[in-house]
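Here the structure is laid out as structure tokens; the discussion comes afterwards.
Please treat every number below as a calculation from the coordinates, not as lab data. This one's a predicted model, so the numbers in the text were calculated from it and none came from an experiment. Note that we place each Cβ from the backbone using ideal geometry, even for glycine, and neighbour counts take in every protein chain shown.
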Amino acid sequence: MRYLSAGESHGPGLTVVIDGFPSNLPVSKEYIDEQLRRRQMGYGRGFRQRIETDTVEVTSGIRFGRTLGTPITMNVVNRDFKNWTDRMAVFGEKPEDLKEIYRPRPGHADLAGAIKYDHEDIRNVLERASARNTATIVAAGALAKQLLEQFGIEVTAHVVELCDVVAKDLPDSLDELRARADASEVRCADAGAEAEMIRRIDEAKENGDTVGGIFEVIVRGCPIGLGSYAMPDRKLDGRLAGALMSIQAIKGVEIGLGFEAARRFGSKVHDPIAYANGSYLRATNGAGGLEGGVTNGEDVVVRVAMKPISTLYKPLPSVNMKTKETELAAIERSDYCALPAASVVGENVVAWVIADALIEKLGGDSLEQMQDNYEKYRERVAKR
Ligand code: EPS
């Protein structure tokens, strides 16, 4: 399964085309739109989200609410485009009073992108580099989630750290964790930490600054055997890390104990194997559900670090690329903190990667064939 996405942040809209999605899966537009709504939320978002109400228009690959097995095209309209028709016109002349951007923001794609693609106006870079494009992978992930649900696989993301504030009081139950995260403005399941996190975002806003943090994604219900150790590019841990690192502003991914594993002796890292009532069991999950790049039947647990957004209302020093004079970086309307939104993006990205691995494992032409193959596979696993 693969996808392509396209669209500028203030252009007419965003598009995602998915190829290789199985047929006959009942899917709902409401479900996809709900994921897009979740992506728009979160304390610390900027003014843009008041303009947009993201929803999908599906123009191929679905008939009577079921996937056809053909390419699925989903479009998300940029409502803000009506305010940018002259500045972002697809054809026609550049307006005479157009304000071009020459001062790259440290941390953004601005400088490298302008040099790489020979653009004078940095807007030609930032429009596509914008995290607005994450709406496309969320729409794709929303289809993946609906597929995973058919196999009892659920994906949940929550914020565990924001700036220097760490969530500590987390429930053991995954349902409780999800309910609390969904009810939280920062998607944090620890109410005490949430209040402190909101204070950090307010502080950033007051100071013309931004904050990032860490979110965790948990996948429950994965069968043993997704991914493979046979080739580097088939390892599921590598595929998850690569997909998550491709989200804007993500600077780190760890699986299970992650970097902490490097500080311990092996006996304090690996999860002893037991066997009871017909299945293999682990009392701990330091591996984060992945051994050798293959799921081992435990929860897949991934932690993802997001840097603070690079647009600062109190900008850092930069260079005017026209004059080469030292000037402050340009200011582009942005968010103070997009970590809660990024956690929703991460949830959908992980759903996409897991669905891709499941299709690969079971053969992905139709839902029925996948279900038959899943049953047979489960029977084989139960005999081991
Ligand atoms: C975003 C829309 C953008 C940004 C943000 C993500 O809207 P605008 O630029 O019109 O305010 O708020 O983009 C970034 C944070 C970025 O780094 O580019 C969205 O819909 O998520």
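Pairs of Cα atoms nearer than 8 Å and 6+ residues apart set the relative contact order; for the chain it is 23 percent.
Against the empirical curve 2.2 N^0.38 Å, the C-alpha radius of gyration of region 160-257 lands at a ratio of 1.30. Rg/Rh, computed from the Cα trace of region 44-198 with Rh as the Kirkwood radius, has the value 1.05.
Identify the GluC sites (Glu not before Pro) of region 289-350 meeting these criteria: DSSP loop state and at most 15 other C-beta atoms within 10 Å of the C-beta. Please report the intermediate quantities before stating the final value.
Working: sites: 291, 298, 325, 327, 332, 347; in loops: 298, 325, 332.
Sparse-neighbourhood loop GluC sites (Glu not before Pro): 325.
The share of Cα pairs per 20 Å bin across the chain, counted from zero up to the longest distance, runs 26, 55, 18, 1 percent. Can you check what the net charge comes to around residue 65, using other residues whose Cβ is under 13 Å from the Cβ of residue 65 (Lys, Arg +1; Asp, Glu -1)? Net of charged neighbours comes to +2. Computed over region 104-194, the alpha-carbon pair-distance distribution with 10 angstrom bins reads 15, 26, 27, 23, 10, 0, each value a whole percent. With neighbours defined as other Cβ atoms within 10 Å of a residue's Cβ, the residues 359, 32 order from fewest to most as 359, 32.
Hey, with R₀ at 25 Å, roughly what FRET efficiency would residue 175 and residue 34 work out to, going by the Cβ-Cβ distance, to 0.05?
Working: r = 18 Å, r/R0 = 0.71.
That pair, residue 175 with residue 34, gives E of 0.90.
Among rounded, prolate and oblate, which fits region 228-304 when a ≥ b ≥ c are the square roots of the eigenvalues of its C-alpha gyration tensor, a/c under 1.5 means rounded, and a/b larger than b/c means prolate? Walk me through the intermediate numbers first.
Working: a/c = 2.17, a/b = 1.52, b/c = 1.43.
Prolate shape, in that a/c is at least 1.5 and a/b is the bigger ratio.
For the chain, the longest principal axis of the alpha carbon atoms and the long axis of helix 339-362 meet at an angle near 40°. Modelled this way, with points 7 Å down the Cα-to-C-beta line, the labels at residue 380 and residue 259 are 4.0 nm from one another.
With the Kirkwood sum run over all distinct C-alpha pairs, region 317-384 has a hydrodynamic radius of 16.8 Å. Taking region 65-193 as the region of interest, the number of lysine pairs whose Cα atoms are within less than 23 Å, with members eight or more places apart or on different chains, is 4.
For region 295-336, applying the loop criterion from DSSP together with a ceiling of 16 other beta carbons within 10 Å to the trypsin sites (Lys or Arg not before Pro) yields 322, 324, 333. If the convex hull of the alpha-carbon atoms of region 1-43 is projected onto planes in all directions, what is the mean projected area in square nanometres? Average projection, Cα convex hull of region 1-43: 4.4 nm².
Cα centroid separation, region 247-286 to region 127-204: 21 Å.
What angle, in degrees between 0 and 90 and rounded to the nearest 10, separates the Cα long axis of helix 367-382 from the longest principal axis of the Cα atoms of the chain? The angle comes out near 50 degrees. Once the chain from residue 85 to residue 368 is taken as fully extended at 0.36 nm per residue, the excess over their C-alpha distance is 97.3 nm.
In this calculation the C-beta distance from residue 2 to residue 58 is compared with R0 = 25 Å, giving a FRET efficiency of 0.90.
So what's Rg/Rh here for region 24-102, counting alpha carbon atoms and using the Kirkwood radius for Rh? Don't jump to the answer; show the numbers that get you there.
Numbers: Rg = 17.3 Å, Rh = 15.5 Å.
For region 24-102, the value is 1.11.
Whole-Hz Karplus values for region 15-22 come out as 9, 10, 10, 10, 10, x, 7, x Hz, taken residue by residue from phi with 6.51 cos²θ - 1.76 cosθ + 1.60 and θ = phi - 60°; glycine and proline positions read x. Working note: Cα atoms of region 219-363, range along each principal axis, descending, whole Å: 70, 40, 28.
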